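Only one structure is covered here, and it is reproduced in the block below.
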Amino acid sequence: MTVSRREMMQLMAGGSAAAALGQLGLSSALAADSGNYRAMVGVFLFGGNDAWNMVVPNDSRFTDYAKQRGTVALQQSSLMPLTGTAFALHGAFAPLKAAWDEGALGAVLNTGTLFAPLTKALYTSRPDLRPLNLMSHEDQQNQWQGMRTRAVNNNGFMGRINDRAPTADLPPLISIAGSNLCLIGDRTAPLILPSSGSIVRNGYNAASTDAAVKARQAALSVFADASSYGAITDLTGKGMSTAYAQAVQANSVITSTASAVDKFFVNPTTGAALTSDISRQLLRAARMIEARNTLGHAKQTFFVSQGGYDTHTNQLGSHNTLYGDLALALAGFYNAMKALGLQDNVTAFTMSDFGRVFKGNASNGTDHAWGSNHLVLGGALANGKVHGRYPDMTFGGSEDTSNDGRWIPSIATEEYVGAIAQWYGVSPADMPYIFPNWANWNGGGRGPVPLFG
């Protein structure tokens, strides 16, 4: 990964210069405490994952599932049953069966962006209660990451969580999936790592004898100590120096040849190293977790992603590959956490733009919809549970905004992600800051999903 000047600013602030400058005035040196260590790992599935084929009813409802899904229905014999429940996963998730059997895998049904509890009658009569721009990729990605459904999202929940946390010389908020809204806070800055290779200063060569290169590097060195040129220039110069120092420290972790977690990121059948981008991202997250004490991190927050879920055509074939790569990567990550003795301290969870229409289209794919299902992985979970309620599969029924299965979510993103935030250690007083619409989802019979036990 080569870092340009623009990307260097993203490294400091996830695209937010204000956050970068705010971070410079904060104290560092966070003492690691392994006993209270926690990490949350958000896995964003870009494109709108059709999770109605990720979590499938495996009881008498399967007949209705197969009939209503039509061209994209799975064969029941291909599924991986979630023992002890009425559900199963897509067969490609077989690598996670051991995690389910250990009680370290959970599912959350029909989750999505909501402004307030919503029935079909309210959806029809009160457009002011609907999230803005439903079924739009960009808008729904921003609402998942920013947690504001009827207002502009200019920062994200992970950034805001870290606004309330102590800081370290190397930020404990880490993306291995580029700069994303989720990472931007008011005063914190993420560390953005490549999924392969090391961080390299663009055009930098300490051994160069070229006059122009030497002059440029000398100018940058002078700029890095620019106290005599005014406060803004001084802050910017120190920000550049900080970013370069962070790159050196991060490189020592991601390029190490002595990591104990790499061996878990292999295909269990062939023994070959996993090469998908999602596996490389989760491997880098595992390495940063392995180095938590060296880095001075008592808590860490990670953002990783997998693309390709906009499956308007040939969904069955696409899912076999996407889910297969995702399952192997998650299984390797969980096994690495077990080897580090941190399976109870680390929780990974999926997010996505939106769910997809229940009725398959003529191209053997699906179109944009709303509610969806999600997976959570970690040893602290309540054993072997599927949370929430699977929707009534009647087209045009009480949960369908149309006539083809665009289900109104029954669990809000705040109730889902909020449960993970509370487990992570966010205080009750900070929940309204992290989740601006928290008041609508904390009381009156609503609240965080009971994921942990």
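Throughout, read-outs are computed from the coordinates displayed, never taken from laboratory work. Keep in mind it's a predicted model, so treat the numbers as computed, not measured. For neighbour counting, all protein chains shown are included, and Cβ atoms are generated from backbone atoms with ideal geometry for every residue, glycine included.
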- Normalised by the residues of region 34-165, what does the relative contact order come to in percent, with Cα pairs under 8 Å and at least six apart? 14
- Query: So if we plug the beta-carbon distance of ASP186 and ARG446 into 1/(1 + (r/R0)^6) with R0 = 30 Å, what FRET efficiency do we get, rounded to 0.05?
  - Reply: 0.65
- Round to the nearest 10 and give me the degree value, 0 to 90, for the angle of helix 137-146's Cα axis relative to the longest principal axis of the chain. 70
- Once the Cβ-Cβ distance between ALA86 and ALA245 is put in as r, and R0 is 41 Å, what FRET efficiency do you end up with, to the nearest 0.05? 0.15
- Note on the structure: Protection proxy (average C-beta count within 10 Å per residue), highest first, orders 36-48, 94-106, 77-89 as 36-48, 94-106, 77-89
- Which percent, nearest 5, of DSSP beta bridges in the chain are antiparallel? 40
- Roughly how tilted is helix 231-254, in degrees to the nearest 10 and between 0 and 90, from the longest Cα axis of the chain? 70
- Message: For the chain, take the longest principal axis of its alpha carbons; what is the angle in degrees between that and the long axis of helix 413-424, to the nearest 10 within 0 to 90?
- Response: 50
- Grab the Cα-Cα distance for SER208 and ASN314, subtract it from 0.36 nm times how many residues apart they are, and report the gain in nm with one decimal. 33.0 nm
- Message: Give me the percent relative contact order of the chain, please, defined on Cα pairs under 8 angstrom at least 6 residues apart.
- Response: 30
- Per the helix-only model, the chain has a calculated mean residue ellipticity at 222 nm (DSSP H runs of ≥4, -39500 (n - 2.57) each, divided over all residues, rounded to the nearest 500) of -10000 deg cm²/dmol
- Using modelled amide H (1.01 Å from N, peptide plane; none on Pro or chain starts), what sits under 5 Å from the amide H of PHE452, excluding residues fewer than 5 places away? ALA382
- Would you calculate the separation in nanometres between label points at ARG150 and ARG216, each defined as 7 Å from the Cα along the Cα-to-beta-carbon direction? 5.1
- Burial ranking of peptide ranges 123-130, 398-405 (average Cβ count within 10 Å, highest at the top): 398-405, 123-130
- Could you tally up the Lys pairs in the chain with alpha carbons closer than 19 Å? Skip any pair fewer than 8 positions apart unless they're on separate chains. 6
- If you stretched the chain out fully between THR394 and THR119, how much longer would it get, using 0.36 nm times the residue separation minus the C-alpha to C-alpha distance? 97.5 nm
- Message: At a 10 angstrom cut-off on C-beta neighbours, averaged per residue, how do the peptides 266-276, 437-447, 311-321 rank from highest to lowest?
- Response: 311-321, 437-447, 266-276
